[in-house]
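Written below as structure tokens is the structure these notes are about.
Read the figures in this text as sums done on the coordinates, not as results from a lab. Treat the numbers as computed from the prediction; the structure is a model and nothing was measured. Reconstructed Cβ throughout: ideal geometry from the backbone, glycine too, with neighbour counts over all protein chains shown.
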């Protein structure tokens, strides 16, 4: 799938338009996005490493968590459900320009 290499925390955040912020689409019943990982995945389309931040809720008893992955320097993000025991990831929401993130995380659309 991909290799994750730790990277420093994003120094600047994206400015999200109203209604496009991951927090505005995060399902509240899943709890707070309180776990944060920053890393490099790649190479990307241009051959360079892709810097990504993943913000997650704590894993529930049934093994699921809610996660938001965003690209550094671009207003692109995807929100998805992740089942830790099986590794299954299901796309929930995201921006139109987040195809690279969908591919990196192997996301499947909810039908």
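Can you divide the C-alpha Rg of the chain by 2.2 N^0.38 Å and report the result to two decimal places?
Numbers: Rg = 13.3 Å, N = 111, 2.2 N^0.38 = 13.2 Å.
That ratio works out to 1.01.
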(request) Give the order of 65, 21 when sorted by the count of other beta carbons within 10 angstrom, beginning with the fewest. (result) 21, 65
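When a footprinting reagent is the concern and you count Cβ atoms within 10 Å, what order do 66, 80 take, fewest first? Show your work: numbers first, answer last.
Working: 66 21, 80 25.
Ascending number of Cβ neighbours within 10 Å: 66, 80.
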